[in-house]
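Novice: There's a structure below that I have some questions on.
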Amino acid sequence: MNLLPAERTFLLRLARRQLEAVLGGAAPIDVDASHVSERLNRHAACFVSLYEGEALRGCMIDTFAPHEPLVRNVLRNAVLAATGDERFPTVAVDEFASICIEISVLGPLEQARYDSADELLTKLSPGVDGVVLTTATGQSAYQPWGWVRFPDPGQLLARLCEKQGAQADCWENEPFPTVEIFRAIRFSEDDL
């Protein structure tokens, strides 16, 4: 999904208004779908990430499957990133001004078909593909820019295993886990 600069700005400002309302104790805001573009009304999944300086402060996606208009998914995931990321305490009102919001809109998930761990490594495009790993232990994901930290496909897959509490080599063992790839567009308040 490609978004115009004005649509990206609208989503970022909407996410900020939502956080300001919820963190300040008010009811979540709602958007009249008839007042936004057709692209923003398409069903899409997104990550909303919050940063304080360079440090991640919260990140959330409710589901990888598009199930509601993008504009509503941004509102939902902004709140979840601020209040539901178990790795961090809830964002406090006094730190809100220093938070930078980033939105990543996901393209469709495509299941990687493979018969061996070595073949799986050839299915991944570092720096391009986001990766979702689903095992008996759980589900974990890295967005396409996760490759900056883990440039080797085996290293990224091992980290995805560990991220969900599995052994680092879980991606190499039969029965093989489900691996899905996706592309995404990313934009943040730093871009404004």
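Novice: Would you mention how many residues in region 75-94 are over 24 Å from Asp30 (Cβ atoms) and either surrounded by 15 or more Cβ atoms within 10 Å (Cβ to Cβ) or in the same structural domain as Leu156 (by TED's automatic domain parsing) (or both)?
Specialist: Of the residues in region 75-94, 1 are over 24 Å from Asp30 (Cβ atoms) and either surrounded by 15 or more Cβ atoms within 10 Å (Cβ to Cβ) or in the same structural domain as Leu156 (by TED's automatic domain parsing) (or both).
Novice: Cβ contacts < 8 Å: first residue under 22 Å from Thr90 (Cβ atoms) and assigned by TED's automatic domain parsing to the domain that holds Ala45, restricted to region 5-33; second residue polar (S, T, N, Q) and assigned to a helix (DSSP H, G or I), any location; separation 6+ or different chain. Result?
Specialist: From residues that are under 22 Å from Thr90 (Cβ atoms) and assigned by TED's automatic domain parsing to the domain that holds Ala45, the pairs are Val22/Thr83; Pro28/Gln18; Ile29/Gln18.
Novice: Condition (residue is outside the structural domain of Gly53 (by TED's automatic domain parsing), within 30 Å of Ala97 (Cβ to Cβ) and in a helix (DSSP H, G or I)) applied to region 127-144: is it met by at least one residue?
Specialist: Scanning region 127-144 turns up at least one residue that is outside the structural domain of Gly53 (by TED's automatic domain parsing), within 30 Å of Ala97 (Cβ to Cβ) and in a helix (DSSP H, G or I).
Novice: Please work out if Leu109 is touching a residue at least 40 places away in the same chain (Cβ under 8 Å) and in contact with a Ser or Thr (Cβ under 7 Å, 6 or more places away or on another chain). So that I can check it myself, show each step before the final result.
Specialist: Values: touching a residue at least 40 places away in the same chain (Cβ under 8 Å): yes; in contact with a Ser or Thr (Cβ under 7 Å, 6 or more places away or on another chain): no.
Taking the combined requirement at face value, the residue does not satisfy it.
Novice: Related question: Can you tell me which residues in region 157-192 are free of Cβ contacts under 8 Å to residues at least 60 places away in the same chain and under 16 Å from the mean Cα position of the chain (by Cα)?
Specialist: If the condition is that a residue be free of Cβ contacts under 8 Å to residues at least 60 places away in the same chain and under 16 Å from the mean Cα position of the chain (by Cα), then Leu160, Lys163, Gln164 are the ones that fit.
Novice: If you don't mind, there's one more thing I want to ask. For region 32-57, which residues satisfy the criterion of being out of contact with any Leu (no Cβ under 7 Å at 6 or more places or on another chain) and either surrounded by 10 or more Cβ atoms within 10 Å (Cβ to Cβ) or part of a strand (DSSP E or B) (or both)?
Specialist: The answer is Ala33, Val36, Ser37, Asn41, His43, Phe47, Val48, Leu50, Tyr51, Glu52, Ala55, Leu56.
Novice: Which numbered condition in (1) free of Cβ contacts under 8 Å to residues at least 40 places away in the same chain; (2) surrounded by 15 or more Cβ atoms within 10 Å (Cβ to Cβ); (3) among the acidic types (Asp, Glu) is the only one that Glu102 fails?
Specialist: Just one mismatch for Glu102, condition (1).
The values are calculated or read from the model by the stated rules, or taken from the named source; none is laboratory data. Being a predicted model, the structure only gives us computed values, none of them experimental. Ideal geometry is used to build each Cβ from the backbone, glycine not excepted, and the neighbour counts take in all protein chains shown.
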